[in-house]
Amino acid sequence: MDLILWRHAEAEVAPEGGDDLSRPLTKKGEKQAAKMASWLDRNLPEGTRVLVSPSVRTQQTVAPLDRKFKLRDELVPETSVADVLALLKWHPETGPQLKGSVLLVGHQPYLGQLVAQLLEMKEETCPVRKGGVWWLRSRFRDGQLQTVLLTVACPELISNPWDDRS
């Protein structure tokens with residue numbers, strides 16, 4: 001299974017006492033989301049399932065991808081890695097029960113905690129940049145479940161093919 005983790009792009013700061021889930025993207029965040037969506041659209045396998053946090057900023061992040069997606073309450077900012085793994089039907093010994101690829105659009109800190117756990121890092125969490133993507137693949141080698149890192153991409157280093165045309 002390929003697990004693609006996409007952190008929401010840059011969002012407005014919540015006003016004091018404001019609802020965190022209703023924070024929209026900034027103009028910079030909209031550009032970040034468009035760049036990553038273009039890159040993902042060129043690289044995602046056909047049939048990739050897209051699961052998105054119900055926050056406004058994650059929905060705005062995934063919108064330029066222009067693919068069907070499902071909102072999942074398990075992906076709110078306060079969720080735990082255990083909740084995300086349960087959503088993915090990921091078992092420590094047998095790995096993910098889902099087949100194919102899943103794009104998960106969510107938040108820190110759980111995205112970084114998930115990366116650290118699946119890649120067996122010493123740290124409890126890994127920084128995931130706003131708008132950034134971590135692409136992981138689970139596989140069995142010599143009877144052992146492995147998670148390998150395929151790529152990390154951030155919007156600042158993504159160029160669209162039409163950006164370079166004269």
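Remarks
- Size of electric dipole in the range 2-164: Cβ of Lys, Arg +1 and of Asp, Glu -1, about Cα centre, debye, nearest 20: 440
- Candidates Leu136, Leu145, Leu114: whichever shows maximal mean-square fluctuation once the chain is modelled as a Gaussian network with Cα springs under 10 Å: Leu145
- With θ taken as phi - 60° and the Karplus curve 6.51 cos²θ - 1.76 cosθ + 1.60 applied, the whole-hertz 3J(HN,Hα) list for the range 76-91 is 4, x, 8, 5, 10, 4, 4, 5, 5, 4, 5, 4, 7, 6, 9, 10 Hz, x standing for glycine and proline.
- Think of it as helices only: each DSSP H run of n ≥ 4 in the chain is worth -39500 (n - 2.57), and spread over all residues that comes to -7000 deg cm²/dmol at 222 nm.
- Unsatisfied cross-links (Cα-Cα over 19 Å) in the set Lys27/Lys70; Lys70/Lys130; Lys27/Lys68; Lys70/Lys99: Lys27/Lys70; Lys70/Lys130; Lys27/Lys68
- Between Gln146 and Arg139, Phe140, Arg141, the built amide H atoms are under 5 Å apart, and every one of these is 5 or more places off in sequence or on another chain.
- Note that the range 31-41 has calculated 3J(HN,Hα) couplings of 5, 4, 4, 5, 5, 5, 4, 5, 5, 4, 4 Hz, one per residue in order, obtained from phi through the Karplus relation 6.51 cos²θ - 1.76 cosθ + 1.60 (θ = phi - 60°); glycine and proline are x.
- Highest-MSF residue in the chain out of Gly143, Gly29, Gly106 [GNM, Cα springs under 10 Å]: Gly143
- Cβ-to-Cβ counts within 10 Å put Thr151, Thr58, Thr48 in ascending order as Thr151, Thr48, Thr58, the fewest first.
- Dipole of the range 25-166, positive end: most advanced residue of Ala86, Gly131, Gln60 [Cβ charges, Cα centre]: Gln60
- Choice from Arg129, Arg67, Arg57 showing the highest fluctuation, given a GNM over the chain with Cα pairs closer than 10 Å: Arg67
- When the Cα gyration tensor is reduced to axis lengths a ≥ b ≥ c, the ratio a/c is 1.5 or higher for the chain, and with a/b not above b/c it is classed as oblate.
- Under 5 Å from the amide H of Thr26 lie the amide H atoms of Ala11, Glu12, each residue being 5 or more positions distant or on a separate chain, with H modelled from the backbone and absent for Pro and chain starts.
- Residues whose amide H lies under 5 Å from that of Cys126, counting only those 5 or more places away or on a different chain, are Gly112, Gln113, Ala116; hydrogens are built 1.01 Å from N in the peptide plane.
- Counting DSSP beta bridges with both ends in the chain, the antiparallel % (nearest 5): 60
- Per-pair calculated FRET efficiency, R0 = 45 Å: Asp142 and Asp19 via Cβ, rounded to 0.05: 0.40
- Highest-first arrangement of 117-128, 94-105, 4-15, where packing means the average Cβ count within 10 Å: 4-15, 94-105, 117-128
Read the figures in this text as sums done on the coordinates, not as results from a lab. Predicted model, so just to flag it, every value in this text is computed and none were measured. Cβ: placed from backbone, ideal geometry, glycine included. Neighbour counts: every protein chain shown.
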